[in-house]
Structure formats: C-alpha cells, structure tokens
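Visitor: Pasting in a structure now, in structure tokens, and then I'll have a few things to ask.
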C-alpha cells in the first residue's frame, strides 16, 4: 500500500498564542504518524480543504515552501527505501527523513533554527531571526547554497552591503551573529565540517569596536563642570 503525506492544521490542540500547530501526517498501511513542523497558525488563516495557508496569511510563502520541502523529504526517503528494497512504516519513514540532514542548505538550516526557537516558545527571538533571514535573502537573492559558499569574503561583502544602506554596526553585528548560530547548529549536528566555519577568521567582535563612542570623556566632563554661562537674572537685566 502506498503512503499518503500531507500537512494538517491540528485544531484539536490550541497553543498559548491562540494558534494551532502544523503537523506532518504520514499514513502507511492504515497507520498514521504525526510530526510537528515547529510552526503554528490561526485557524482563520488556514484552508482546510487544500491544507495550505490562505492568501491573506502574512507568512504564506514561507509556510508553503516549508510544507513543500518537508513533503519532498518524505517522498525522497520513501523512494530511496523502495530502490533499496527495504520495507518501511510511517514511523521509520519520518525518522529517515529527519536524520537525513547531510545535504541541507544554509536556507534550510536557517528555517530549522527558527522552527526550534518557535518550539521553545521563544517567539520574539524567532522573529529577530526571521528578519535577519530576510536580510540575507535580499543580499544573496536566495540561500539555497552549501555552507562552504559562505566564506570570509562573502561575509565582508554582506557587511559592506549593509553599511551602504546606512544600517548601524550593531544591526550588522546582530544579523551576522544569527548566521553564526546557524553555522554552529550545522556543526553540532555533524552536517558540516569545522573547516567550513568562516568565523575562525572573521571576528564578529571587531564590528562592535567600530561603533562610535557615545560617552563623554574626562576632558569633556571637566569642560561642562567649569563652564560659566549667563545666569537667569543677568538675562532679565
């Protein structure tokens, strides 16, 4: 019996933010296995007939891409097992797809990082990563690239591009730190080797030193203390 794969809005569970989790549902031999996608949505923004976000959903494109990617992962895992002549269940199919992270792109890992934050209910932090993700997409047009494509030269080009938009050094530093966190996740999961890590040479801490000092120095403070201006009574005379 062939498997069926779809993503459902799990209305029977309501999260603290009033949204419902999106669940991957794999059915094989009349047995179903669910797996959370790590994102949630309000019921009024979900089309329950097509199992897709509605046009008015703010993050419709990102969610639709994530759904398509996840379904493709499961379909590929099923095909690989058939070619190898191996039997599988809905559970082992999901496990195989989940463990197959060796060829994930920077963009895929970035979205995974955001999903993990959302699972931990760190919604505000996840939103900050979504902003930096959009920034890298705008700069590079896409992130369907291997981690090895992002080297020191790439980071310096991004830094220069950000400065040309008159963005603050602290903003640039934050976004590059987000990218570094995604690199660290990929290394932790043994998906990339440490020699692909550009942050051994590119130091994010150097960016912070470029920020102009806002505090007054000692001489400026003394000038303020010693300043003798015109009093109010002198102005009235």
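Visitor: Provide 157, 175 in ascending order of the number of other Cβ atoms located within 10 Å of each residue's Cβ, fewest first.
Guide: Listed from fewest to most nearby Cβ atoms, that is 157, 175.
Visitor: To continue, here is another question. So if each residue of separation counts as 0.36 nm, and I subtract the Cα-Cα distance between residue 199 and residue 151, what length gain in nm does that give?
Guide: On the way: separation 48, 0.36 × 48 = 17.28 nm, distance 0.85 nm.
16.4 nm is the gain from fully extending residue 199 to residue 151.
Visitor: Between rounded, prolate and oblate, where does segment 1-83 land on the alpha carbon gyration tensor, with a ≥ b ≥ c its root eigenvalues, rounded for a/c under 1.5, else prolate if a/b exceeds b/c? Write out the running numbers ahead of the final one.
Guide: Details: a/c = 2.40, a/b = 1.73, b/c = 1.39.
Verdict is prolate for segment 1-83.
Visitor: Counting other beta carbons within 10 Å of each Cβ, put 194, 135 in order, fewest first.
Guide: Details: 194 8, 135 21.
The most exposed by this proxy come first: 194, 135.
Quick note: the coordinates plus some simple rules give every number you see, no bench work behind them. Since the structure is predicted, the reported quantities are computational estimates derived from the model, not experimental observations. For neighbour counting, all protein chains shown are included, and Cβ atoms are generated from backbone atoms with ideal geometry for every residue, glycine included.
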